[in-house]
Every structure is written in structure tokens, then in C-alpha cells.
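Engineer: For reference, the structure I am asking about is given below.
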Amino acid sequence: MYQSRLTLFVWLIAIGIVSFSQHLLAKTTFAPELKDNLVILQYHHVATNTPTITSTPPDVFAEHLAYLHQHFNVVALPEAIDALREGTGLPDKSVAITFDDGFDNILTNAHPLLRKYNFPYTVFINPALIGHTRTQLTWEEVAQMSQEGVSFANHTLTHQHLLNRRHITSNNGHSDDVTIENETQWLKRILGDITQAETLLKERLGYSLRYLAYPYGEFNRTLSNALSNLGYMGFAQHSGGVSSQSDFAALPRYPAAGRYAQLGTLKIKLNSLAMPVLHSNITDPEVTENTPDEMRLLLDTQDFNLTGVNCFYQGAVQPTVIENGVLIVALSENLPTGRSRMNCTAPSKREKGRYYWLSQPFFKANENGKYID
Ligand SMILES: [Zn+2]
């Protein structure tokens, strides 16, 4: 009797394991449906007298909008994110428009054009800077834009490099000791900044999206996990399409300023599809001694050939190897300090001229443990 119960117990566990793995498979294997795809554009300045690298000239911006109006569905970011999260899907060729930093030229140069097409958009702002410098929007302008359908979200209080660790000076009674804050102290400080910024947004706007755009697109896994646990969604600035399978704590956006403002190359990105990644061995974009020396990707290849995947790093094509269905790209032993990205693309078999696109960012501090602009 006891033995048969034990056998039954073992069987139940085995069935449990099998059904759980099937559940995992069901979650990770998906048809690359066109309605499960979103492209997010990231702008900063729309002006000609601002730093080229973060600026889109107004006439070029107008060209972007005219092209979007003709060929794409511009959707509000919050609605698009909800649709992907809830699995209700989006129209094919859905694009969301975002701006970072809350510059006043968004209102003077971009807003009238966006209003002309009735395009919704989202601005990530630093609440402690709003109204404090000549080039920033004021709270009155933020309120006016809100009434006209613009949504605002969190870009931290003052736009610091979030991965920088601070020096802490403490007096031991005889002299000052200087130590670098540990991970707990660092995370507490950063989450404090973000939640304070969110509180200010809520006070001024009356709503709180809990969307954070990481300044400079820089984040690490500890931070993105902590933000997820607090109910935040994260937006970065590595490229790539977004789908329901994306990491919602660090969603990719395509920068559309500087040399990325050219409509010719932007068209390819607007038409891109989220790369269906089943597994990657790179779990943290922050480069440490534990960063693997190769990137290993398991991809869902229903609509492209693994041999058709091209990976680029710092503008150069990287050799790839396929081993048991896993795509392997070597990473340099010495990834450069600052921000870099490995981009991998593959042409869709079904959708001619469209590419699956994945970007893996890497962030590495300099010898002083700091990140620079
Ligand atoms: Zn920014």
C-alpha cells in the first residue's frame, strides 16, 4: 500500500515536471506574429542649434512623421505596452514615439508637427530639472502638453549615470576614511532617486506610469530586477523591436537623432521585427570579471535561417559559429569602457525586406569605476 502510494507520488511529480516544462515551452515558443511587434523611437532635441549627436533637424523630423503617417501606425506608448503585456496584439507596423530629457524645443519644434498628425508621444523627464534651466520645459508647459495628450514619464531626478558608485567619507575619530558605497547602499540611493522622481511626477501630473528611461540607456541586472519588483518598466537605448517576450525591465528603443536620423536607414529599423530569443547566456549588460567571453543565443528560427544571422559590433561584422542550433559570437576579452552593443539581424523569410533585430548592450566602467557621457 505504502509502495503504491509512493509510486503514485513519484508519477505525480514526474507529470508535474513534464507539464511544467510544457508550460515553459508554451511560454517561450511562439509564432513570430506581426501583431506581437512594436518599434519604439527615441528622440532628444528637435533643433539645429543643439548637439548634433542628440539632435534631429526639424525638417528631417517632419520627413520622419510624414513617412510614419503614410506607412505606419503611431500608437501611444502606454497603450502599446499594455497590449503587448496583455497579449491583445497591435496593428502591424506599430511605432511609438518617445523623447528623453524634456528640452523646450520638443514643444516649440516637434509638438506642432506631432499635433498636425495627431500622433501621441511620451516624454521622459528629470523632474528636478524641469523649469530650472533655460533649455528645459517648465511645469506649466508640461501641464499644457499633458492636456494635449502627451504622456510624461521618469528619467530620474537629475540625469546621473546610474551605475556610478559614490565615494563615502566617514570620520573614524582621527581622520576621514574614504570608501566606495557597496551594492546595497548604491541600490538604495538609486531606487530612492527614482521613486522620488516618480512621486514628483505623480504630484504634478496626477498619474504615475512607473516607466523609467535609464539615463544614457545604462542599467545592470540588479537595478532592472529591483525596478521590476517595484512595478516599473524600463526603457533603454539599445536598438531592436519589442514583443510580448521582451524584457520589460529594459526595452530597446531606436535612437533617431544624429547619424541615425537619416530616413533611409531608419526605414529598415521601423520595419524591424523583435528577434525571438529563447535563451541568451548574457544576463547582465554590466561588464564585470564574470562577463562571458562569448555570446550564446538560442533563437526561435521559424521565420529565418540561423545561417542568415549577421552580428555587428562597433560597426564590424563578427564571425559567428553555430553549435547544436546555438548561435555563438565571440566577445572581445577587452570590451571597451563606456557603452557598446552587439547587434544581430536576420532577414524574415515571410516578410520580404524586414529583419529580425536584437541588440545586446554592454556597459563598462573606466579605471576609476565611473561611467562617462
Ligand atoms: Zn537622457
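Engineer: May I ask you to verify whether Leu227 is assigned by TED's automatic domain parsing to the domain that holds Pro51, among the hydrophobic types (A, V, I, L, M, F, W, C) and more than 15 Å from Leu41 (Cα to Cα)?
Structural biologist: So Leu227 passes the test.
Engineer: I've got another one for you. Using beta carbons and a limit of 8 Å, which pairs, at least six apart or on different chains, have the first residue in the stretch 201-220 and more than 18 Å from Gln237 (Cβ to Cβ) and the second one within 15 Å of the ligand (Cβ to nearest atom) and in a loop (DSSP other than H, G, I, E, B)?
Structural biologist: Leu201/Pro127; Arg204/Pro127
Engineer: Mind listing whichever residues of the stretch 130-186 are polar (S, T, N, Q) and in contact with a helix residue (DSSP H, G or I) (Cβ under 7 Å, 6 or more places away or on another chain)?
Structural biologist: Scanning the stretch 130-186 gives Thr135, Gln136, Ser146, Ser151, Asn154, Thr156, Gln160.
Engineer: Any residue in the stretch 139-146 that is closer than 24 Å to Asn109 by Cα, without any contact (Cβ under 8 Å) to a residue 60 or more places away in the chain and polar (S, T, N, Q)? So that I can check it myself, show each step before the final result.
Structural biologist: Within the stretch 139-146, the subset closer than 24 Å to Asn109 by Cα is 139-146.
Going one step further and asking which of them are without any contact (Cβ under 8 Å) to a residue 60 or more places away in the chain, we end up with 140-141, 144-146.
Next, from what is left, pick out any that are polar (S, T, N, Q): 144, 146.
Yes: one or more hits.
Engineer: Right, next: Across the stretch 54-102, what is the number of residues that are buried (at least 22 other Cβ atoms within 10 Å of the Cβ), in a loop (DSSP other than H, G, I, E, B) and either within 16 Å of the ligand (Cβ to nearest atom) or of a type in the set (D, E, K, R) (or both)?
Structural biologist: 2
Engineer: Which is surrounded by 18 or more Cβ atoms within 10 Å (Cβ to Cβ) and closer than 30 Å to Gln160 by Cβ, of Met275, Met342?
Structural biologist: Met342 is the lone residue from the list that is surrounded by 18 or more Cβ atoms within 10 Å (Cβ to Cβ) and closer than 30 Å to Gln160 by Cβ.
Engineer: Also, quick follow-up: Pick from the stretch 103-132 the residues that are among the hydroxyl-bearing types (Ser, Thr, Tyr) and either closer than 11 Å to Val150 by Cα or surrounded by 20 or more Cβ atoms within 10 Å (Cβ to Cβ) (or both): which of them is farthest from the ligand (Cβ to nearest atom)?
Structural biologist: Of the stretch 103-132, the ones among the hydroxyl-bearing types (Ser, Thr, Tyr) are 108, 117, 121-122.
Narrowing the set further to residues that are either closer than 11 Å to Val150 by Cα or surrounded by 20 or more Cβ atoms within 10 Å (Cβ to Cβ) (or both) leaves 121-122.
On the way: Tyr121: 16, Thr122: 13 Å.
Within the stretch 103-132, the match that is farthest from the ligand (Cβ to nearest atom) is Tyr121.
The values are calculated or read from the model by the stated rules, or taken from the named source; none is laboratory data. Keep in mind that what you see is a predicted model, and the values were worked out from it rather than measured. Neighbour counts are summed over all protein chains in view; Cβ atoms, including those assigned to glycine, are modelled from backbone coordinates with ideal geometry.
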